[in-house]
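Participant: Here's a structure for you.
The values are calculated or read from the model by the stated rules, or taken from the named source; none is laboratory data. Keep in mind that this is a model prediction, so the values were computed, not measured. Virtual Cβ from ideal backbone geometry, glycine too; neighbours counted across all protein chains shown. Side chains are part of the model used for accessible areas, which takes the heavy atoms of the whole protein and leaves out ligands, DNA and RNA. Shrake-Rupley method; radii C 1.70, N 1.55, O 1.52, S 1.80 Å.
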Amino acid sequence: MLKSRGYLAFIVGLCLTAATCQIVLTAQQHQIRSNFERDAEKVVRDTENRLQTYFDMLLALKGVYALDDSMDRQRFQRFVNQLQLDQRYPGFQAIQFVRRVPDQRLQEFSANVRKEGYPAFTVHPASSQQPHYVIEYSEPLKGNEAAFGLDLAALPQHLHALELGRDSGEIVATERITLVQDSSGEPGFVARAPVYRNGAELKTPAQREAALVGFVAIVFKVNTLMREVIDPAMLAHLHVRIHDRGYRQDAAPLAASERTLMYDSRSQSSLAAAGAPVLEELAVQMPLSVGMRQWQVALEGYAGSRYTRAPWPVVLIGIAGVIISALIAALLVSTRRMTVARHGLEYSLAELERQKHKVEQARADLAALTETLKQAQTNLLTSEKMASLGALVAGVAHELNTPIGNSLLTASALSDMVRELEHKLATDGGLKRSALEAHMQDARKACDIMNSSLTRAADLITSFKQVAVDQASGQRRRFKLDEVVHDTLATYAAQLRRSACNVRVDLPAGVEFDSYPGSLSQVLSNLIGNALLHGFDGRDCGGISIEGWQDSADAVTLRFTDDGVGMSPGTLRKIFDPFFTTKLGQGGSGLGMNIVYNIVTGVLRGTIQVESLAGQGTTVTLVLPLQLPPEEQPLPAA
């Protein structure tokens, strides 16, 4: 039973594979047809566009005659040369002006042309047809000498086109002709536009005939024209034939024959697939309107790389279909084995569920431990922050001791001087002027000393109060960068002095932030503390540089540099890791630079970069925005 199902599945798979191959073959054929039609439309469209360009040139030349119908040979030559058609749009034989000459003025016309420098000029062939239509100007003249002076009235195929253009006022093309200046016998044609006398009425054919001056014309050899239109590589895949079907107003179109054949690509392209079979299903005929004549463009596709189906997709699909069908059949045959395997799988799934329960229990325990660690980290960060604030308090207290002690000592000395003055006044009954002046001088010095000391103490208290309030409150406000740096350095004056540390500050004045001054002060405090604890360890003195500049309208770069012992590459890689310190048990908590990183990137929304080499100091570069976004809440610094 199982084998029967396998065979049935294999047969059904083969049927589906055959159907898929047929669909692919049909799609390929449709794609080939689409490619052929697109190529054919491009050939016809390019031919039409190129002819329209030439006809537009004829209309432009006709417009020049509309301004002045007495244009001489030199002006005609200059105009044609300025068009540069032989460079921009090659493919034509010549541009001409055909003069309408009444029979009674023919001799006078010929004499005038000879006077212009053409003594051998003659009107040919001799004709009694009136009026005469003589080619007067031809550019370029070289290679077209045989057409110079040609009387088109003597040539019926030309005369019919001239009369049709004269009466209609439109551009008219001739039927297939052989150009008199072409000895090869290639097919050609001429397109002409009538030129009328300025100011004449042109409403009726009779009025147009009376006002006709001549024609502007462009001469083509069809093979030369099509070489400029069709990509030579395309002719290896397409067979193009063009037949002239006659004028639009003709009662019946001309039958296609050798006499009406204007162009055949087989005889023109060296790339054409000689002897290659033509694909009957790839054939199309398209009309093309050329100067009141109807051309029919017949295109056929050659069997070749461009229009041939690729066999590989079908072969691959067939092979893949056979393989898949065989696999499905084998799968059905092995169903019983899969049933046994399913029971084993169910047992394995039950065991996996038990292991999963144990893993989830372990994950819950790990989550509880992680939460405990996070709480411990938060407590450590708070302790670090309070320790930093305590260090500020201790430093300020030590710094205040000197000015307040000086003030107290000076006040005691001044009190002693006053008591001594009172004693002298009581015992001596009066004071000498010199004694009073000496007392006043000493009192003044004492007052100056107390004023200076108390002012110093007041400045320290103000700086400490601002730093302490900012760090404790974490409030956002507007502040100036140099003031915050000055206040922070003031709180570390005692520690810096004890370490013989020279501080250089180079900050632009008046740079104002809208941010968190307390957070910035804490960053500077941690950097100063790191420099004193780590950078200058084992050294008698050191130097710190704080520089800043405004990179753009909305950001400032702040660079903190010390000339301390620097760091090794291994230490530099771990500098922002929490609980990493090289002074464990010696005053380092391992959280200072982690707090700095979190404050700079989270609260101040800036960036931080640390550069250091062992023995060459450390540079910390901060890029801080001048203003945080409106209603911005600081990210947690931990």
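Participant: Mind listing whichever residues of the range 138-169 are in contact (Cβ under 8 Å) with a residue 60 or more places away in the chain, in contact with a Leu (Cβ under 8 Å, 6 or more places away or on another chain) and under 14 Å from GLY214 (Cα atoms)?
Facilitator: Result: LEU162, single match.
Participant: Out of the range 291-313, which residues are modelled with pLDDT under 80 and among the aliphatic types (A, V, I, L, M)?
Facilitator: Within the range 291-313, just ALA310 meets the criteria.
Participant: Something else about it: Just one of VAL134, VAL113, VAL101 is in contact with a His (Cβ under 6 Å, 6 or more places away or on another chain) and either within 28 Å of SER183 (Cβ to Cβ) or aliphatic (A, V, I, L, M) (or both); which is it?
Facilitator: Only one candidate passes the filter, namely VAL101.
Participant: Which residue, of GLN82, GLN28, GLN52, is out of contact with any His (no Cβ under 8 Å at 6 or more places or on another chain) and under 24 Å from ARG241 (Cβ atoms)?
Facilitator: Every option except GLN52 fails the conditions.
Participant: Right, here's the next one. How about the range 402-504: which helices (runs of 4 or more DSSP H) wholly inside it have at least 2 residues that are acidic (Asp, Glu), at pLDDT below 80 and in contact with a helix residue (DSSP H, G or I) (Cβ under 7 Å, 6 or more places away or on another chain)?
Facilitator: 433-473
Participant: Follow-up. On the basis of being touching a residue at least 12 places away in the same chain (Cβ under 8 Å) and among the acidic types (Asp, Glu), does GLU300 make the cut?
Facilitator: yes
Participant: With respect to VAL12, determine if the residue is surrounded by 12 or more Cβ atoms within 10 Å (Cβ to Cβ), at pLDDT 90 or above, over 24 Å from VAL195 (Cα atoms) and among the hydrophobic types (A, V, I, L, M, F, W, C).
Facilitator: On the way: surrounded by 12 or more Cβ atoms within 10 Å (Cβ to Cβ): yes; at pLDDT 90 or above: no; over 24 Å from VAL195 (Cα atoms): yes; among the hydrophobic types (A, V, I, L, M, F, W, C): yes.
Judged against the criteria, VAL12 is not a match.
Participant: Still on this structure, please answer the following. Specify the residue that is least open to solvent (accessible area, probe 1.4 Å); the eligible residues are those in the range 182-198 that are part of a loop (DSSP other than H, G, I, E, B) and closer than 15 Å to ASN144 by Cβ. If you could, list the steps in order and put the result at the bottom.
Facilitator: So in the range 182-198, the residues part of a loop (DSSP other than H, G, I, E, B) come out as 182-187, 197-198.
Of the ones still in play, those that are also closer than 15 Å to ASN144 by Cβ are 182-184, 186.
Working: ASP182: 22, SER183: 125, SER184: 72, GLU186: 49 Å².
Among those that are part of a loop (DSSP other than H, G, I, E, B) and closer than 15 Å to ASN144 by Cβ, it is ASP182.
Residue by residue, here is whether (1) out of contact with any Leu (no Cβ under 8 Å at 6 or more places or on another chain); (2) assigned to a loop (DSSP other than H, G, I, E, B) holds:
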site: GLY543; (1), (2): yes, no
site: ILE546; (1), (2): no, no
site: TRP549; (1), (2): yes, no
site: PHE560; (1), (2): no, no
site: VAL565; (1), (2): yes, yes
site: THR571; (1), (2): yes, no
site: ILE575; (1), (2): yes, yes
site: THR581; (1), (2): yes, yes
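Participant: If you don't mind, another one. On the given criteria, is GLU170 part of a loop (DSSP other than H, G, I, E, B) and closer than 17 Å to LEU51 by Cβ? Quick ask: steps written out before the conclusion?
Facilitator: Numbers: part of a loop (DSSP other than H, G, I, E, B): yes; closer than 17 Å to LEU51 by Cβ: yes.
When the stated conditions are applied, GLU170 passes them.
Participant: Here is a further query. Please verify whether ARG5 is touching a residue at least 12 places away in the same chain (Cβ under 8 Å), basic (Lys, Arg) and not in a helix (DSSP H, G or I), treating the condition exactly as stated.
Facilitator: Considered against the rule, which asks whether it is touching a residue at least 12 places away in the same chain (Cβ under 8 Å), basic (Lys, Arg) and not in a helix (DSSP H, G or I), ARG5 comes out as no.
Participant: Considering only residues that are among the polar types (S, T, N, Q), open to solvent by 20 Å² or more (accessible area, probe 1.4 Å) and touching a residue at least 24 places away in the same chain (Cβ under 8 Å), which ones fall in the range 527-553?
Facilitator: ASN530, GLN550
Participant: Which number in (1) closer than 29 Å to PHE513 by Cα; (2) among the small types (Gly, Ala, Ser); (3) modelled with pLDDT under 85 marks the one condition that SER612 misses?
Facilitator: (3)
Participant: Now, a different point. What is the residue count in the range 204-234 for residues that are open to solvent by less than 10 Å² (accessible area, probe 1.4 Å) and more than 59 Å from the chain's Cα centre (by Cα)?
Facilitator: 1
Participant: For the range 496-511, does any single residue satisfy the condition of being within 19 Å of THR607 (Cβ to Cβ), buried (at least 18 other Cβ atoms within 10 Å of the Cβ) and either of a type in the set (Lys, Arg) or touching a residue at least 60 places away in the same chain (Cβ under 8 Å) (or both)?
Facilitator: Taking every residue of the range 496-511 in turn, none turns out to be within 19 Å of THR607 (Cβ to Cβ), buried (at least 18 other Cβ atoms within 10 Å of the Cβ) and either of a type in the set (Lys, Arg) or touching a residue at least 60 places away in the same chain (Cβ under 8 Å) (or both).
Participant: Kindly list the number of the only condition in (1) farther than 30 Å from LEU279 by Cα; (2) out of contact with any Asp or Glu (no Cβ under 7 Å at 6 or more places or on another chain); (3) in a strand (DSSP E or B) that fails for ALA206.
Facilitator: (3)
Participant: Another one. Here is a check on your reading of the model: is PRO569 over 25 Å from ARG497 (Cβ atoms), open to solvent by 20 Å² or more (accessible area, probe 1.4 Å) and at pLDDT below 80?
Facilitator: No.
Participant: Additional query: Mind checking whether some residue in the range 161-175 is open to solvent by 60 Å² or more (accessible area, probe 1.4 Å) and under 54 Å from the mean Cα position of the chain (by Cα)?
Facilitator: Scanning the range 161-175, I find at least one residue that is open to solvent by 60 Å² or more (accessible area, probe 1.4 Å) and under 54 Å from the mean Cα position of the chain (by Cα), so the answer is yes.
Participant: Right, something else. Any idea how many residues of the range 592-625 are assigned to a strand (DSSP E or B), among the β-branched types (Val, Ile, Thr) and more than 36 Å from the chain's Cα centre (by Cα)?
Facilitator: 2
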